[in-house]
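Down below is the structure, laid out as structure tokens.
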Amino acid sequence: MVIEGKSYFQIKGMPLIKFQDKDKIKSLQSGKIYAKTLEYYRKREEETGDCEVGDKYEGMVHINDATIYFPDMGEIVPIKDELLKTSESNDFLFCMFGINPDLKKFSFTDEQKEKMLSFGDTALVVLDSEEFIRRVNIAAKNAGYQAEFNSVNYYNPNIDGGNMLFSLGAGMWNIAFWKRDSYIYQQEVRFVFRPGAENVDHIELDIGDISDITAIISAEKALSAIVQNEAPIEDE
């Protein structure tokens, strides 16, 4: 795939973009992966009202309207609009903007152009996602963490669906890949580093300099770009 605009890049695999302030983007390109806990993002919304970066549902199972049977007590307890804490509530999280590589053409929506700028004025474009993921996985393993990488699924919090609960059967850590549909504009892909730890605000992983597989441009340039599967045909 290629990103076409004022800057032109050949992309291998899924296009990944990190929007952040310039200093943080430079630190990321030098190889520093800074991952905060799911709890941090919950507290950010609860304490500041920030529901763009913050999300009080992170790492929690939301039940809109259901009943739970407790066999030891022999009781059926009704639950309405409740958040249930999971064993993975303190795993560490690193997020990026991801673009489906199967799309023939992609451009940012007006909502994305407006809201993604709130994350920072600079963008790191990953030119080889497979190699980037490989380096992150190696650094995580060396630091004693299991890394999981996937796209986020978005759901309607007013409807109880079985897909979320079904995914948890493959591992409770999958809860980190579910967010309310009000966040769908973020098109998140995530690394989840586990196990988490209580009373630990964040972790830092060093994956080594990645300037060979990334490029830094302004967030505005990234958001005005068009991503397509084939390189544009130049006029003769």
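The values are calculated or read from the model by the stated rules, or taken from the named source; none is laboratory data. Keep in mind it's a predicted model, so treat the numbers as computed, not measured. Glycine gets a Cβ as well: all are built from the backbone with ideal geometry, and neighbour counts include every protein chain shown. Ligands, DNA and RNA are stripped out before the accessible areas are found, and what is left, the full protein with its side chains, is counted by its heavy atoms. Shrake-Rupley method; radii C 1.70, N 1.55, O 1.52, S 1.80 Å.
If I filter segment 63-82 for residues that are in contact (Cβ under 8 Å) with a residue 40 or more places away in the chain and buried (at least 19 other Cβ atoms within 10 Å of the Cβ), do I get at least one hit?
So far as segment 63-82 goes, no, none of its residues is in contact (Cβ under 8 Å) with a residue 40 or more places away in the chain and buried (at least 19 other Cβ atoms within 10 Å of the Cβ).
Is there a residue being modelled with pLDDT of 95 or more and either open to solvent by 10 Å² or more (accessible area, probe 1.4 Å) or in contact with an Asp or Glu (Cβ under 9 Å, 6 or more places away or on another chain) (or both) anywhere in segment 98-106?
There is at least one residue in segment 98-106 that is modelled with pLDDT of 95 or more and either open to solvent by 10 Å² or more (accessible area, probe 1.4 Å) or in contact with an Asp or Glu (Cβ under 9 Å, 6 or more places away or on another chain) (or both).
Checking GLY196 against (1) part of a loop (DSSP other than H, G, I, E, B); (2) of a type in the set (Gly, Ala, Ser); (3) farther than 21 Å from TYR41 by Cα, only one condition comes out false. Which one?
(3)
Just to be sure, is ASP201 modelled with pLDDT of 95 or more, loosely packed, with under 14 Cβ neighbours inside 10 Å and at negative phi?
So ASP201 does not fit the description; no.
Kindly establish whether ASP50 is open to solvent by less than 80 Å² (accessible area, probe 1.4 Å), without any contact (Cβ under 8 Å) to a residue 24 or more places away in the chain, in a loop (DSSP other than H, G, I, E, B) and acidic (Asp, Glu).
It is true that ASP50 is open to solvent by less than 80 Å² (accessible area, probe 1.4 Å), without any contact (Cβ under 8 Å) to a residue 24 or more places away in the chain, in a loop (DSSP other than H, G, I, E, B) and acidic (Asp, Glu).
I'm trying to understand the selection: among the residues of segment 146-178, which are at pLDDT 95 or above and among the charged types (D, E, K, R)?
Correct list: GLU148 only.
Among the residues of segment 175-185, what is the count of those that are assigned to a helix (DSSP H, G or I) and open to solvent by less than 20 Å² (accessible area, probe 1.4 Å)?
The total comes to 5.
So, in segment 10-26, of the ones that are in a helix (DSSP H, G or I) and not basic (Lys, Arg), which residue ends up surrounded by the most Cβ atoms within 10 Å (Cβ to Cβ)?
Among those residues, the one meeting the criterion is ILE25.
Right, ILE175: touching a residue at least 24 places away in the same chain (Cβ under 8 Å) and more than 16 Å from the chain's Cα centre (by Cα) or not?
No: the conditions fail for ILE175.
What number of residues within segment 123-132 are more than 19 Å from GLN20 (Cα to Cα) and assigned to a helix (DSSP H, G or I)?
2
Quick one: how many residues across segment 108-155 are farther than 28 Å from TYR57 by Cα and open to solvent by 70 Å² or more (accessible area, probe 1.4 Å)?
Counting residues in segment 108-155 that are farther than 28 Å from TYR57 by Cα and open to solvent by 70 Å² or more (accessible area, probe 1.4 Å) gives 4.
Within segment 212-226, can you find the residues that are over 19 Å from THR109 (Cβ atoms) and open to solvent by 60 Å² or more (accessible area, probe 1.4 Å)?
ASP212, ILE216
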